[in-house]
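To start, the structure under review is shown below, and the notes come after it.
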Amino acid sequence: MYEFLNELLGNQILAMLLTAAVPLVFILLFTLFAVWLERKVSAHMQDRLGPMRVGWHGSLQLIADFLKILQKEAPVSLEADKPLYNFAPVLVFAGSFAAFAAIPFSSKLIGSEIELGLFYILAVSSFMVIGILMAGWSSNNKYSLLGAMRSAAQIVSYEIPTALVVLGMIMLTGTLSLTKISEMQTSSFWNWYILGGPGLSLSKFLLIPFMIIGFIIIYISTLAEVNRTPFDIPEAESELVAGYFTEYPGIKYAMFMLTEYANMFAVSAIVSILFFGGYQSPVGYLGNMLGIHWMIPFEQAFWFISKGLFFVFVQIWLRWTLPRLRVDQLMALCWKYLIPYAFLNLIIIGIISLL
Amino acid sequence: MRQYLRNTWDGIYTAFVGMKITFKHLFTRAVTIQYPEVKVPMVDRARNRLYVNIEDCIGCEQCSKACPVSCITIDTVKSTPTDPVGTTSNGKKKALWVTQFDIDIAKCCFCQLCVFPCPTECIKMTSVYEYSEFERESLIYKFASLSEAESAEKKANYEKFEAEKAAAKAAAAAKPADQNKTE
Amino acid sequence: MALKTERMVLNMGPQHPSTHGVLRLELEIEGELVTKVTPHIGYLHRCFEKHCEAMMYNQVVPYTDRMDYLASMYNNWGYALAVEKLCGIQVPERVEYIRVIMGELQRIASHAVAVGTFGLDIGAWTPFLYLFRDRERILTLFEMTCGARLLYNYIWVGGLSHDIHPDFVRMTREFLESFKPTVTEVNNLLSYNKIFIERTANIGVLPLDTAINYGCTGPTLRGSGLAYDLRRDDTYSIYNKFDFNVITGQGLQGTLGDTWDRYYVRVQEMLESVKIIEQALDQLPAEGDVQSAIPKRIKPPKGHVYTRVENPRGELGYFIISDGNTNPFRVKVRPPSFVHLEIMDDLTRGHLISDIMAILGSIDIVLGEVDR
């Protein structure tokens, strides 16, 4: 997209800024929708109505909340380490925002078409840990500190099963580029990697169960990376009040919220790119049928966002169903269950892909 | 090893059981209502704001004695034969002017103990429950129908009557003494 | 050279999402490990016992409501029983039946909150709201009967403030029918969930001898395996006419007496209460004045009395000294929550911070009763 804009505008800086603005606008709009979805889904799962006042079925509630949050005074505790305290939410948000650079929303709409997209996302999303630790430490609050410690341990640990599953996928696809992985699963849902990937060989059918296992592992571990229930231990409200952002008021708190929702979409996007064809339509394109080729990228964006939203919905669904794990059990789940299974899965996928 | 696999299976299976239940609830009717527009109908025994029908009050102060938090303040003045209070709706003759009947609803604990002893059933609990105020003073409900001037007048009346009575009594007491003297 | 370390003191509460009211727990922690828990109470102290001395006997009843605000009916009942014993009042049979129905409905409502908030402490929101939805229906039944949803002032010395509503029996039956599926749902959603079991089984194990030594009663004691229920073992009212089981912990998911056992005892007790209410509704005498035995002026003879009832939380005892006046000379309450709070330190030692919440939820305290 940057190249396209660069040609169009003839100004590199402007093109860069515009390219960067697209994911930002998307994150804001997505947060608007996801928060509403979360509230409504949780409410209806609990036989409630949820927000109903602002807009149709409370659809503009978040705007009202945001206006309220903007007006809030932002007191900083005297004992807080102010530079770190103020910088932490920015850093956390930057971490998750940076990940969006390499996410292909469609074949044309991608911030930066780098070859190492998958590697870049894995690397840059662990950036958040520093921000969270900073937030927890600088707040000078015991709850924040505990939350930050938990969060750091959790995110670092759960990178491993994620990376192992991703490794398996790289073995199959032979590339780290998210666009290329998406392009491999083109034309039909039959070519998605959850169903063994493209082609019609024996190995495809052998791969299916291991792909499903891989999907479950990466879904669980990414869930843990974004601190959602059942893994929301860093911000467990019944234990640590609000975890690492206990001391944050107003707009700084909103940054953390924004990060949480942006992350939810980012990991859902990665899962859908790896296993569910990314921006590829499951049935084919209306644009191809009608012969209107400029429509295809928009359709692709639609499919991509729909898939992402579906996985976000599952995350929400899980959150309002399951209780929370304890911190040592969280580690046990990672090291004793997910990593061995991911390893086994990796080996088996390797063997099958050799066939 | 067996336990290990079992744990894995249990974890996944029970999560799905739970997800099935919550998914089913996604489509059941919500039980909450939109409060100010839709209201839960109050039952006929609802115990909310106190109301006093001062016309029927005979000023017996039984309610204020029954109140465990002393939120009812009653002050009465005896009536005089020349200025009777009238009767209650069930025909009982009232003997007292109720010059003050204040209920501090902020103190009230809604126990309904004041309602039961009332002989004329003039104090009762209504189903009004939305009566928040900005000032605490506005929560002191004054039920007495007499204005301050009227209260003062009744008081003066009574005092005058008492004084007259005392004078008459004194006169009556003096008279026989006088008679005795003459005899 | 050894690293210099020190224990961190973490104040949990009085303003904390899961301390069930205004309890302050002073935790000494080493990382996530808790080495000592000191509960600090008194934030909700309202001088109940001293207040009673200035009240007439019937005026105390609204105050008892406000002790254990999740089981007000039982507080009324325990007090009424004590004064009735002191005065030698016999209450009519219909009153006894209605009291049992109300008490058991209250037990369901209270256990529903206990089970729900326990889930909340573990992090499961949804079962809590399902149970609250059903609790609201119980409160509607209460409201229909006495006009109040939380603080009833319903069970008076010698009788009841109101007779039941004409629709009460029908609506109660309807409620009981719809409540049983909720329990199954909560079991599937929460009790048998692997994460929930992992969080609660083998946590906060309360051995039976410790429980007895501390004076634990109610579900906390029964969770440790002793079938001790005042409704059966020190029968009051007409509980001997009903057929019900005393639920005990079995150690199904871990050690006997762990938090899961205490939790599950409550879940099953809700179903036992349903059984009792169904029997009571069947046997309920159709006619009878519920206020006939209420004395005009309660003036018990000199003496003292101790009665105890099986509150949803345990043994609720009232000790009343009368000096022959219209006001009690002394009212002392033996609150089960207060006793149960004492075992916190024993139960939590060596557990993690997250377990504190699970343990606190499993002993099910109500701060209004602890502080009075």
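The values are calculated or read from the model by the stated rules, or taken from the named source; none is laboratory data. Keep in mind that what you see is a predicted model, and the values were worked out from it rather than measured. For neighbour counting, all protein chains shown are included, and Cβ atoms are generated from backbone atoms with ideal geometry for every residue, glycine included. SASA here: full protein model, heavy atoms, side chains in, ligands and nucleic acids out. Shrake-Rupley method; radii C 1.70, N 1.55, O 1.52, S 1.80 Å.
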Of A:S59, A:S42, which residue is within 30 Å of B:F27 (Cα to Cα) and modelled with pLDDT under 85? A:S59
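If I go through segment C:308-355 residue by residue, how many of them are among the small types (G, A, S) and either touching a Cys at 6+ places or on another chain (Cβ under 6 Å) or within 14 Å of chain A (Cβ to nearest Cβ) (or both)?
Applying the first criterion (among the small types (G, A, S)) to segment C:308-355 yields C:314, C:317, C:322, C:324, C:337, C:350, C:354.
With either touching a Cys at 6+ places or on another chain (Cβ under 6 Å) or within 14 Å of chain A (Cβ to nearest Cβ) (or both) added as a condition, the list becomes C:350, C:354.
The total comes to 2.
Could you count how many residues in segment B:1-11 are within 11 Å of chain C (Cβ to nearest Cβ) and of a type in the set (K, R)?
Filtering segment B:1-11 down to residues within 11 Å of chain C (Cβ to nearest Cβ) leaves B:6-11.
Okay, now just the ones that are also of a type in the set (K, R), so B:6.
Number satisfying all stated conditions: 1.
For segment B:27-42, what are the residues that are more than 7 Å from every other protein chain (Cβ to nearest Cβ) and either of a type in the set (A, V, I, L, M, F, W, C) or exposed (fewer than 11 other Cβ atoms within 10 Å of the Cβ) (or both)? Give the steps one after another, and end with the answer.
Filtering segment B:27-42 for residues more than 7 Å from every other protein chain (Cβ to nearest Cβ) gives B:27, B:29, B:33, B:35-42.
Answer for segment B:27-42, where residues must be more than 7 Å from every other protein chain (Cβ to nearest Cβ) and either of a type in the set (A, V, I, L, M, F, W, C) or exposed (fewer than 11 other Cβ atoms within 10 Å of the Cβ) (or both): B:F27, B:R29, B:I33, B:Y35, B:P36, B:E37, B:V38, B:V40, B:P41, B:M42.
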Which of the residues that make up segment C:159-176 are away from chain B (no Cβ under 11 Å), open to solvent by 10 Å² or more (accessible area, probe 1.4 Å) and either acidic (D, E) or within 20 Å of C:A71 (Cα to Cα) (or both)? C:E174
Do you know which residues across segment C:212-241 are on the phi > 0 side of the Ramachandran plot and part of a helix (DSSP H, G or I)? C:G218
Among the residues in segment A:252-265, are any farther than 30 Å from B:W9 by Cβ and assigned to a loop (DSSP other than H, G, I, E, B)? no
Taking segment C:288-342 and the residues there that are hydroxyl-bearing (S, T, Y) and within 18 Å of C:T235 (Cα to Cα), the one that is surrounded by the most Cβ atoms within 10 Å (Cβ to Cβ) would be C:Y318
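When you scan segment A:304-313, do you find a residue that is within 14 Å of chain C (Cβ to nearest Cβ) and open to solvent by less than 10 Å² (accessible area, probe 1.4 Å), even just one? Lay out the reasoning, then the answer.
We begin by selecting, within segment A:304-313, every residue within 14 Å of chain C (Cβ to nearest Cβ); these are none.
The answer is no, given that none of the residues of segment A:304-313 is within 14 Å of chain C (Cβ to nearest Cβ) and open to solvent by less than 10 Å² (accessible area, probe 1.4 Å).
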Please determine, by comparing only the residues of segment A:195-225 that are part of a loop (DSSP other than H, G, I, E, B) and open to solvent by less than 10 Å² (accessible area, probe 1.4 Å), which one is nearest to the other protein chains (Cβ to nearest Cβ). A:G196
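Pick out the one residue from A:E235, A:E299, A:E247 that is farther than 30 Å from A:D65 by Cα and among the charged types (D, E, K, R).
A:E299 is the lone residue from the list that is farther than 30 Å from A:D65 by Cα and among the charged types (D, E, K, R).
Table: residues versus (1) at negative phi; (2) open to solvent by 70 Å² or more (accessible area, probe 1.4 Å).
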| residue | (1), (2) |
| --- | --- |
| A:Q12 | yes, yes |
| A:L17 | yes, yes |
| A:L24 | yes, no |
| A:L32 | yes, no |
| A:K40 | yes, no |
| A:G50 | no, no |
| A:W56 | yes, yes |
| A:L67 | yes, yes |
| A:S77 | yes, no |
Out of the residues in segment B:117-164 that are among the aromatic types (F, W, Y) and within 11 Å of the chain's Cα centre (by Cα), state the one that is modelled with the lowest pLDDT. B:F143
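Yes or no: C:S72 within 21 Å of the chain's Cα centre (by Cα), within 14 Å of chain B (Cβ to nearest Cβ), over 18 Å from C:V339 (Cβ atoms) and hydroxyl-bearing (S, T, Y)? Give the steps one after another, and end with the answer.
On the way: within 21 Å of the chain's Cα centre (by Cα): yes; within 14 Å of chain B (Cβ to nearest Cβ): yes; over 18 Å from C:V339 (Cβ atoms): yes; hydroxyl-bearing (S, T, Y): yes.
Judged against the criteria, C:S72 is a match.
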Which fully enclosed strands (runs of 3 or more DSSP E) of segment C:276-372 have 2 or more residues being of a type in the set (G, A, S) and touching a residue at least 40 places away in the same chain (Cβ under 8 Å)? C:314-322
Residue satisfying all of: in segment C:249-307; within 18 Å of C:V186 (Cβ to Cβ) and aliphatic (A, V, I, L, M); modelled with the lowest pLDDT among these: C:L252
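Per-residue answers, yes or no, for (1) within 14 Å of chain C (Cβ to nearest Cβ); (2) open to solvent by 30 Å² or more (accessible area, probe 1.4 Å):
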{"residue": "B:A66", "(1), (2)": "yes, no"}
{"residue": "B:V85", "(1), (2)": "no, yes"}
{"residue": "B:K93", "(1), (2)": "no, yes"}
{"residue": "B:D102", "(1), (2)": "no, no"}
{"residue": "B:I105", "(1), (2)": "no, no"}
{"residue": "B:I123", "(1), (2)": "no, no"}
{"residue": "B:S145", "(1), (2)": "no, yes"}
Residues of segment B:103-143 satisfying the condition of being of a type in the set (D, E) and either in contact with an Asp or Glu (Cβ under 7 Å, 6 or more places away or on another chain) or farther than 20 Å from B:P68 by Cβ (or both): B:E121, B:E130, B:E133, B:E135, B:E137
Would a scan of segment A:117-125 turn up a residue that is in contact with a Gly (Cβ under 9 Å, 6 or more places away or on another chain), in contact (Cβ under 8 Å) with a residue 24 or more places away in the chain and open to solvent by less than 10 Å² (accessible area, probe 1.4 Å)? no
Hey, does segment C:151-158 have a residue that's within 14 Å of chain A (Cβ to nearest Cβ), out of contact with any Cys (no Cβ under 7 Å at 6 or more places or on another chain) and open to solvent by 10 Å² or more (accessible area, probe 1.4 Å)? no
Please count how many residues of segment A:134-143 are closer than 19 Å to C:M8 by Cβ, in contact (Cβ under 8 Å) with a residue 24 or more places away in the chain and in a helix (DSSP H, G or I). 5
Test: residue in segment C:27-39 that is open to solvent by 40 Å² or more (accessible area, probe 1.4 Å) and assigned to a helix (DSSP H, G or I): no
Kindly evaluate B:T14 against the criterion of being at the interface with another protein chain (Cβ under 7 Å from one of its Cβ atoms) and open to solvent by 50 Å² or more (accessible area, probe 1.4 Å). no
For C:F179, the lone unmet condition from (1) assigned to a helix (DSSP H, G or I); (2) touching a Phe, Trp or Tyr at 6+ places or on another chain (Cβ under 9 Å); (3) closer than 29 Å to A:M45 by Cβ; (4) not charged (D, E, K, R) is (2)
Please state which one of A:S144, A:S221, A:S177, A:S182 is in contact with a Phe, Trp or Tyr (Cβ under 7 Å, 6 or more places away or on another chain) and within 23 Å of A:A301 (Cα to Cα). A:S182
Just to be sure I understand the filter: pairs with C-beta atoms under 6 Å, separated by 6 or more residues or on different chains, first member in segment B:69-83 and open to solvent by 10 Å² or more (accessible area, probe 1.4 Å), second member at pLDDT 80 or above and charged (D, E, K, R). Which pairs pass? B:V69/B:K107; B:T73/B:D102; B:I74/B:E61
